[in-house]
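The values are calculated or read from the model by the stated rules, or taken from the named source; none is laboratory data. Predicted, not measured: the structure shown is a model, and the values here were computed from it. FYI the Cβ positions are ideal-geometry reconstructions off the backbone, even for glycines, and counts take in every protein chain you see.
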Amino acid sequence: MSLAAETRRAIADHPFLLAALRADVVNYTAAARFLDLEGDDDAIATALRRYATELPDYDREPRDVRVRMERGVGELEPADREDVSLAVGDAAFGTVGGDATAIVATGAVDGRALAAVLERLAIDDVDPVAAGVAADTLVVVVERLEGASAVRCVEDALEGVPLESN
């Protein structure tokens with residue numbers, strides 16, 4: 001395998017580096033050292049520069065959505081699953097007087113929007129209890145006290161969703 005091919009494979013293991021290359025905000029020499037590949041750091045940095053020129057720009061688009069918060073969300077028992085807000089595997093969540101909060105975004109949402117939301121929540125150290133997207137609805141369930149922060153994160157993330165992942 002060529003050094004250029006090894007470099008591309010290594011970048012695929014680090015999505016943040018791919019995003020930085022697309023945004024043209026990378027120190028190529030530092031990135032070459034970070035990848036820790038067999039070979040000269042200058043040659044790896046050159047491979048990174050060449051690869052970066054082939055990548056699409058890091059463009060973002062705002063999403064047309066309505067974001068709201070539902071308090072009192074909890075995991076539903078199988079018999080109570082008439083008013084489900086989110087179901088993932090065997091777990092279903094809805095408004096049942098629980099201790100969680102659901103952030104619901106309706107409109108132009110998809111998997112890319114969910115990925116942007118989850119990344120933004122992680123930056124703010126908000127750990128979702130559950131999350132999902134289907135049709136025109138995105139739902140993130142968080143602990144009750146994280147509701148206000150989560151709303152801001154969801155709104156911020158949906159103001160600029162990346163157009164392409166690679």
### Message
Report every pair of residues separated by at least 6 positions or lying on different chains whose Cβ atoms are under 8 Å apart, first residue within the stretch 26-44 and over 15 Å from P15 (Cα atoms), second not in a helix (DSSP H, G or I).
### Response
I44/L37
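So is T46 of a type in the set (S, T, N, Q), at pLDDT 90 or above and crowded, with 17+ Cβ neighbours inside 10 Å or not?
Spelling it out, it is not the case that T46 is of a type in the set (S, T, N, Q), at pLDDT 90 or above and crowded, with 17+ Cβ neighbours inside 10 Å.
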### Filter result (in a helix (DSSP H, G or I) and surrounded by 12 or more Cβ atoms within 10 Å (Cβ to Cβ)) within the stretch 10-30
A10, I11, P15, L17, L18, A19, A20, L21, R22, A23, Y28, T29
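Going by the conditions given, is G39 on the phi > 0 side of the Ramachandran plot and touching a Gly at 6+ places or on another chain (Cβ under 7 Å)?
Answer is no for this residue.
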### Task
Considering only residues that are buried (at least 17 other Cβ atoms within 10 Å of the Cβ) and among the charged types (D, E, K, R), look in the stretch 104-160 and name the one that is nearest to Y58 (Cα to Cα).
R120
